[in-house]
Amino acid sequence: MFPSPAEENLAQTRRSFFTRTSAGLGSAALASLLKPELFAAPGDGTIPHFAPKAKRVIYLFMSGGPSHIDLYDPKPKLAEMHGKELPASVRGQQRVTLMTRNQGQFLVAASSFKFIKHGQSGQELTELMPHTGKIADDIAIIRSMHTEPINHDPAVNFIQTGSGVAGRPTLGSWMSYGLGSENKNLPDFIVLLSGSGGQPVVSRYWSNGFLPSKYQGVQFRSQGDPVLYLSNPPGIDAQSRKSLIDGVNELNKLKFDSLADPEIQTRINSYELAYRMQMSVPELMDLSSEPKGVQEKYGAEPGKSSFANNCLLARRLVERGVRFVQLYHRDWDHHGDLPNRMRQQCGQTDQAAAALVQDLKERGMLDETLVIWGGEFGRTTYNQGALKGDSYGRDHHPRCYSIWMAGGGIKGGVTVGQTDDFGYNVVQDGVHVHDFQATVLHLLGINHEKLTYRFQGRDFRLTDISGNVVQKLLA
């Protein structure tokens, strides 16, 4: 929406003042548009602050909270305690969700799955992830992640933005803001969705928050038009579309000359990017152009919507210079029937996630691409509801959970952090969400304390007022 007449008059008054007192501002603004690399970068003007190990990120976000006890954090003690009350000393005063608060008992549920050691490093993983086992020496597993929110939406907000309250920029937006673009034909920050059911995945999770809107994530769809409204409507050819865009941009430029509102410049750039994307996106999304062997390695099926297709597409995106690609895969929220649902989820994701790391490595891209796998929190040691044989469910658990990272300056084959015998509390090398975020930025050459943006009188940053780089993860 354009400003009201009153707002425009105020802007005109300000412009008159600056014209009289500092005519040089106009020249500086023009130079910044024509040659932006000559002007200071965001933050403190020295980004990257030091030599980066990673240039790009692929974040495989497992929406719903995968159970660490059933995937990456083996706990033999639970087999001895299966069906018995979790000691009150272990649970302590931790709050629990409304879903289990009124249970009469908190019975321990041992994992149904075996854990297997893989590679020279001996990383222990669930039997449900044989493909991930093949990259065990390339990944670093963090078993001591912990967060603050206990419910999905604030927990996803927290790991994406550093705050449980909506409205702040997401990790991908901060990265785009800090580092800028490596390509001219695609957005810097792209989001892909897969899976069905479970908690909703909303566009706020890739929002630019209070950063300029040019840093907003862009969702690509796996079927139909990759980006809504990108295709020409019936009866409109490419030349007509270009003429229309040029005309609209001329009007926007007139308004920008009048108000100097940076959001108008963003709108101009968006129209021009959309036109360029019309040329580049169809070829990008055509997975059938990949060799059959590559498709089979991922388990990809061109033309379908799947996590496997999205992993292959993520590799194609970073090859073309996209800075941050985030894949959301839904339905890890296993409050009941966990063993069966876990088999399904691992069957949908294990092969493709491992193939992505292997493919990047074979192409010489893994060293400069940071790959992250993980969700918003873990699951409880105790069962939710009635414990019936091998069938069990687990509630939300923010006190500890597991993720893995690979490439981009990560030391492969290491396990960081330790939880207690029940997988309930962190006992060594805890990694808070802000520590995780600080480490991601560090790998990109960014000091998390210096990447800031002033909003409502305060300098905000992704890690809020805390966060330490996890040195044990660094190669």
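The values are calculated or read from the model by the stated rules, or taken from the named source; none is laboratory data. Bear in mind the structure is a predicted one, so any value in this text is a computation, not a measurement. Ideal geometry is used to build each Cβ from the backbone, glycine not excepted, and the neighbour counts take in all protein chains shown.
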Given the criteria part of a loop (DSSP other than H, G, I, E, B), in contact (Cβ under 8 Å) with a residue 40 or more places away in the chain and crowded, with 24+ Cβ neighbours inside 10 Å, does residue 66 qualify?
yes
What about residue 58, is it without any contact (Cβ under 8 Å) to a residue 40 or more places away in the chain, assigned by TED's automatic domain parsing to the domain that holds residue 346 and closer than 20 Å to residue 406 by Cα?
no
Name the residue that is surrounded by the fewest Cβ atoms within 10 Å (Cβ to Cβ), counting only residues in the range 168-193 that are over 14 Å from residue 215 (Cα atoms) and at pLDDT 95 or above.
193
Is there a residue being in contact with a strand residue (DSSP E or B) (Cβ under 7 Å, 6 or more places away or on another chain), of a type in the set (Ser, Thr, Tyr) and modelled with pLDDT of 95 or more anywhere in the range 116-137?
yes
Please verify whether residue 448 is within 20 Å of residue 55 (Cα to Cα) and either surrounded by fewer than 24 Cβ atoms within 10 Å (Cβ to Cβ) or out of contact with any Pro (no Cβ under 8 Å at 6 or more places or on another chain) (or both), treating the condition exactly as stated.
yes
I'd like to know if the range 435-458 contains one or more residues that are within 30 Å of residue 92 (Cα to Cα), more than 23 Å from the chain's Cα centre (by Cα) and assigned by TED's automatic domain parsing to the domain that holds residue 327.
no
Is it the case that the range 112-123 has a residue that's buried (at least 23 other Cβ atoms within 10 Å of the Cβ) and closer than 24 Å to residue 330 by Cα?
no
For the range 106-125, does any single residue satisfy the condition of being part of a loop (DSSP other than H, G, I, E, B), on the phi > 0 side of the Ramachandran plot and in contact (Cβ under 8 Å) with a residue 40 or more places away in the chain?
yes
Considering each of 105, 93 in turn, give the residue that is over 25 Å from residue 404 (Cβ atoms), in contact with a strand residue (DSSP E or B) (Cβ under 8 Å, 6 or more places away or on another chain) and at pLDDT below 95.
105
Exposed (fewer than 13 other Cβ atoms within 10 Å of the Cβ), assigned by TED's automatic domain parsing to the domain that holds residue 181 and either under 16 Å from residue 187 (Cα atoms) or at pLDDT below 90 (or both): which single residue out of 213, 203, 240, 207 fits that description?
203
Would you confirm whether any residue within the range 156-171 is assigned to a helix (DSSP H, G or I) and free of Cβ contacts under 8 Å to residues at least 40 places away in the same chain?
no
